[in-house]
Amino acid sequence: MDYKKELSKYVETEKQKTFFEENEWDFLKRGDKYEAWDEIDFTKEATTDISFEVKLEDVKNYAKGALDDNPMFLDEDYANKSAYGEIIAHPMISTAIEFWCLRKGMGDWIRTPGSRNPGMRWEFYEPIKVGDIIRLRTKPYDRWIKRNKYYLTYQMDFIDQNEVVKMTHWVTLILPKTRADLTRFMKGEHALEA
């Protein structure tokens, strides 16, 4: 199957086109360069160099993809009369923002091939709105082993152009333990422990 051709049917926004043209959807592309579970430095914190400028097309496209027809995400006339006075983004647009901003650098392990998602936690403080320019402040939060699986949690603060924290996301994944395990997985070998 030609995955790129199949995926191209869903590419609509400018960010999606950029992501698609740069093969950012292919997490194997730089998989061996992502942070590994056993290499995480808990003394570091970073803010992403890449920001996500929220456009109306991003907000509407995310709501469409999430099959959420809430008029706060789609209908400008309705949203303008609301308490917010404008369209707001679906709260889970945070996932798209993370993958956009974390293409490289600290926190890029969320793209690790073979990772599994055991759960997430969010705290929402203010809605994300059209015109916001969001960066992520990332820092390691916790790491543990349970039933021979390697868990890692990062705290990601979504910060707007005014330094307001819009939301915090604690993202947890089960990862290969070492870079060698990750490389084996990318070659098609079973590298995650049972």
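The values are calculated or read from the model by the stated rules, or taken from the named source; none is laboratory data. Everything numeric in this text was worked out from a predicted model, so none of it was measured. Every residue, glycine as well, gets a Cβ built from its backbone with ideal geometry; the counts of neighbours run over all protein chains shown.
Just a few scattered comments:
- Of all residues in region 99-136 being in contact with a helix residue (DSSP H, G or I) (Cβ under 8 Å, 6 or more places away or on another chain) and β-branched (V, I, T), the one that is nearest to Y154 (Cα to Cα): I110
- Residues that are closer than 29 Å to E22 by Cα, touching a strand residue (DSSP E or B) at 6+ places or on another chain (Cβ under 9 Å) and surrounded by 20 or more Cβ atoms within 10 Å (Cβ to Cβ) do not occur anywhere in region 118-125.
- One residue alone among F73, F52, F20, F42 is within 16 Å of the chain's Cα centre (by Cα) and either surrounded by fewer than 18 Cβ atoms within 10 Å (Cβ to Cβ) or without any contact (Cβ under 8 Å) to a residue 24 or more places away in the chain (or both), and that residue is F20.
- Of all residues in region 106-126, those that are more than 14 Å from M186 (Cα to Cα) and among the acidic types (D, E) have Cβ atoms under 8 Å from Cβ atoms of residues that are modelled with pLDDT of 80 or more and loosely packed, with under 13 Cβ neighbours inside 10 Å, 6 or more apart or on another chain, in E126/V164.
- Here L102 meets the list (1) over 13 Å from the mean Cα position of the chain (by Cα); (2) touching a residue at least 24 places away in the same chain (Cβ under 8 Å) almost entirely, failing just condition (1).
- Any hit, region 170-188, residues being surrounded by fewer than 20 Cβ atoms within 10 Å (Cβ to Cβ), hydrophobic (A, V, I, L, M, F, W, C) and part of a loop (DSSP other than H, G, I, E, B): no
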